[in-house]
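See below for the structure under consideration.
The values are calculated or read from the model by the stated rules, or taken from the named source; none is laboratory data. Keep in mind that this is a model prediction, so the values were computed, not measured. Heads up, the Cβs are rebuilt from the backbone with ideal geometry, glycines too, and the neighbour counts pull from every protein chain shown.
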Amino acid sequence: MAIKNIIADMDGVIYRGKSLVTGAADFVKRLIANDIGFLFLTNNSEQSALDLKRKLEGMGVEGVEEKNFITSAMATATFLKNQKPGGTAYVIGGGGLVNELYKAGYSITDHNPDYVVVGKTPQLNFSMLKKGTSLIMSGSKFIGTNPDVIDPLEDGFEPACGAILASIQIATGKKPYIIGKPNSLMMSIAVKQLGAQIDKTIMIGDRMDTDVVAGMEAGMKTCLVLSGVSARETIDEFPYRPDYVFNNVGEIYPDQLN
């Protein structure tokens, strides 16, 4: 059965840091030309859909719209709105996460919040860790936008949300509930937003431990690209395999996927 829809990660798949991955712009052009429905799904919680659209346009990727994106911040806000409408949260994270929570009807506070919500932020400091730890130990529920420990950059890697979550988990003894990949909740929200059928959708990502396993557990075909975190020699370390492996998305043509 031919693939009609593509859900693709961004970091390490479309770009690394501020550099576009080889062939990524042409890949998007092929999707549009072949009328393939696509959604860029990212565990990054720092930026909004508009931010990501403008970032891609600045890199020379044309034809994308805000509806073509879903972030872990958006998924987290959707989850919390369904769990406790009109709730409160203390946030360790960027503006994208805060804005999505506001849009979901949440108030941001450090006074007895319902949740402590943690995402990646370059503004992380000890005071944030101290406050988040104290609130969780006082009863606030612990939420993580995603489990990624590192993110790929054009010149290497940097610590990501999972590294922040680990420090708070060790301090509190409490394990966060994580919304983003590989949680199937994130994939369910993405498929619903795309209006796709699972058996006609493929997940493209650069991580065996989040992208590939998330797609597989959701019932999709999966594709690993080697332009980000996972390397070809590490595939055999996992008890599951992707359906396809490419060096980068520039090598992917829709008629290859079935």
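Here are the numbers for the structure shown:
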read-out: Spans of strands (runs of 3 or more DSSP E) in the stretch 135-205 with at least 3 residues in contact (Cβ under 8 Å) with a residue 60 or more places away in the chain and in contact with a Pro (Cβ under 6 Å, 6 or more places away or on another chain); value: none
read-out: Test: residue in the stretch 29-37 that is touching a strand residue (DSSP E or B) at 6+ places or on another chain (Cβ under 7 Å), modelled with pLDDT under 95 and under 29 Å from residue 127 (Cβ atoms); value: no
read-out: Filtered residues of the stretch 201-210 (kept if out of contact with any strand residue (DSSP E or B) (no Cβ under 6 Å at 6 or more places or on another chain) and of a type outside the set (Ser, Thr, Tyr)); value: 205, 207, 208, 209
read-out: Residue 40, sole failed condition from (1) modelled with pLDDT of 95 or more; (2) part of a loop (DSSP other than H, G, I, E, B); (3) not β-branched (Val, Ile, Thr); value: (2)
read-out: Residues (free of Cβ contacts under 8 Å to residues at least 12 places away in the same chain and over 17 Å from residue 192 (Cα atoms)) located in the stretch 73-89; value: 83
read-out: Matching residues in the stretch 209-221 - criterion: being crowded, with 22+ Cβ neighbours inside 10 Å and part of a helix (DSSP H, G or I); value: 210, 211, 212, 214, 215
read-out: Check on residue 195, surrounded by fewer than 21 Cβ atoms within 10 Å (Cβ to Cβ), small (Gly, Ala, Ser), at positive phi and not assigned by TED's automatic domain parsing to the domain that holds residue 122; value: yes
read-out: Residue satisfying condition, being in contact (Cβ under 8 Å) with a residue 60 or more places away in the chain and either over 18 Å from the mean Cα position of the chain (by Cα) or within 15 Å of residue 190 (Cα to Cα) (or both), within set 4, 18; value: 4
read-out: Enumeration of residues in the stretch 61-76 that are under 17 Å from residue 8 (Cβ atoms) and either among the hydrophobic types (A, V, I, L, M, F, W, C) or surrounded by fewer than 23 Cβ atoms within 10 Å (Cβ to Cβ) (or both); value: 61, 62, 63, 64, 65, 66, 67, 68, 69, 70, 74, 75
read-out: Any hit, the stretch 227-237, residues being polar (S, T, N, Q), without any contact (Cβ under 8 Å) to a residue 40 or more places away in the chain, in a helix (DSSP H, G or I) and under 24 Å from residue 156 (Cα atoms); value: yes
